[in-house]
Amino acid sequence: MKIKNGLILATCILGFLGCGKENNISENTLFINPNTALPSINLSTLTDTISYIRLETIEESIIGKAHEIVIKEKFLYVRDVDQQAILIFDLKGKFISKLQKKGDGPDQYMRMERFMVDEQENYIDVFDFRGNNSRIIKYALPDFEIIKEIPLYLPLANSMRKEKEKNIYYFSSQQLENQIGNESVNADIIAFKEGQPPVALFSKKIISHGSSFSPNTESMTTNRNGDIFASLMYNTTFFQLSGMQANPVLTIDFEGYGIENSIGLKNIEEQKNYLNNETEGLASFPVLNIFDSDIIAFSYYFKTGIRNHLHHYIHFKKTDQIFHTRDIVNDLTTYPEKVYLSSYFYAVNHEVLHGDYLVDIVLPWHTNEGKIIGIPGVGTVQPEDNPVILLMRLKEEYR
């Protein structure tokens, strides 16, 4: 594994996305052979303790399908796509309240696509998708009284972030088809500033026949300074999003073991056929999970046989230690057996770094394999219980 620092010509990424400022590959290139990943490492090489937030499972707090979990200073917020609701828990997992106002009334949302909580946790912004009449509804905390509504362009996307100081929104639309003006586009990123028309970054046009897919549900991460980074679907460069532009920060070179990214311009069926039949022994879809001053971490898929395995790459800058592995085995406690440092695994979007803690989301319906499991100091976890959040404190030398 080698990091090459130096000038790399500003070429069009992979030769197919079209030229433009946002398309340059990074001056920093990481060369990585997926075949050199270790089969496993112990969690204790990264962290020294695990603490659990077991989200209370009572009749009022049952979560149908958690799609997004946000940990703040006071509370923890879960977006349930089945109920079209936001459930609020304290940091010990006790259920507090639920925002559930789906409907067509003046203070109701028709389809909750996203949500954001302000830094002081005084209000929740719900992104209400209504086509051309989409809007943000601002609800006060803790009583959920409506404060105001703001008309908003809201594209179809798998995730989003807001550059708060500039009131700029970024949507990771990947291959989803959206309308910008009179043009239909399949842009990777759609950006817009309040009061201005949207802009397509990495714009392309593919034949979808009304269908699409994405290998992950989260394509963005925000570091401790509030900087926003994005991973594109058929691209091995990670980008920082700022001022309505995408600036390359790191390029991954899989040394001949990466998929053919130009397949991203083919129609959806050709893409699926290629990924299903021609990618054995190849790495695909790297996603940046942490890009902080002290830590860089990303995950990617590596196909062996018919199965895609999630690989992890973690670089601690303070000690210049690098861990490249398939599995992270939990040797600190008995639950769960493995942890995943991925912002989208099992389709639950979340930040992987929270303060000095790595974060993983455990879904008992999957992890427990039908069993009731006891966690020392926590209690029993049943398969039908709400998610359990793992907070794994980084070892002192990495903080």
Antiparallel %, DSSP beta bridges [both residues in the chain], to 5
90
Members of LYS317/LYS395; LYS72/LYS92; LYS74/LYS162; LYS303/LYS371; LYS74/LYS98 lying beyond 23 Å, as alpha-carbon distances in this model show:
LYS303/LYS371
Taking the solvent-accessible surface of protein heavy atoms with a 1.4 Å probe, what is the per residue accessible area of the chain in Å²?
44
Apply the Kirkwood formula to the range 56-154: the hydrodynamic radius equals the inverse of the mean of 1/r over all pairs of different alpha-carbon atoms; give it in Å with one decimal.
13.6
Let me have the 222 nm mean residue ellipticity of the chain computed from DSSP H runs of 4+ only, each contributing -39500 (n - 2.57), with the sum over all residues rounded to the nearest 500.
-1000 deg cm²/dmol
Computed log₁₀ I(q)/I(0) - Debye formula, equal Cα scatterers, no solvent, the range 112-194, q 0.19 Å⁻¹
-0.85
Taking only C-alpha pairs under 8 Å that are 6+ residues apart, what is the relative contact order of the range 109-247 in percent?
14
May I ask you to give the average projected area over all directions of the convex hull of the Cα atoms of the range 147-278, in nm² rounded to one decimal?
9.6
Radius of gyration, Dmax [the range 293-345; alpha carbons; angstrom]
12.6, 38
Kirkwood Rh, Cα atoms: Rg over Rh of the range 244-399
1.00
On the accessible surface of the range 221-363, probed at 1.4 Å, how many percent belong to carbon and sulfur atoms?
44
Normalised by the residues of the chain, what does the relative contact order come to in percent, with Cα pairs under 8 Å and at least six apart?
17
Net charge within 12 Å of GLU351 by Cβ-Cβ distance, Lys/Arg positive one each and Asp/Glu negative one each, not counting GLU351 itself?
-1
State the dimensionless ratio Rg/Rh of the range 319-399 (Rg: radius of gyration of Cα atoms; Rh: Kirkwood radius).
0.98
What is the local net charge at SER231, summed over the other residues whose Cβ is closer than 11 Å to its Cβ (Lys, Arg +1; Asp, Glu -1)?
-2
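The values are calculated or read from the model by the stated rules, or taken from the named source; none is laboratory data. Keep in mind that this is a model prediction, so the values were computed, not measured. Neighbour counts are summed over all protein chains in view; Cβ atoms, including those assigned to glycine, are modelled from backbone coordinates with ideal geometry. To get the accessible areas, we keep the full protein, side chains included, count just its heavy atoms, and leave off ligands, DNA and RNA. Shrake-Rupley method; radii C 1.70, N 1.55, O 1.52, S 1.80 Å.
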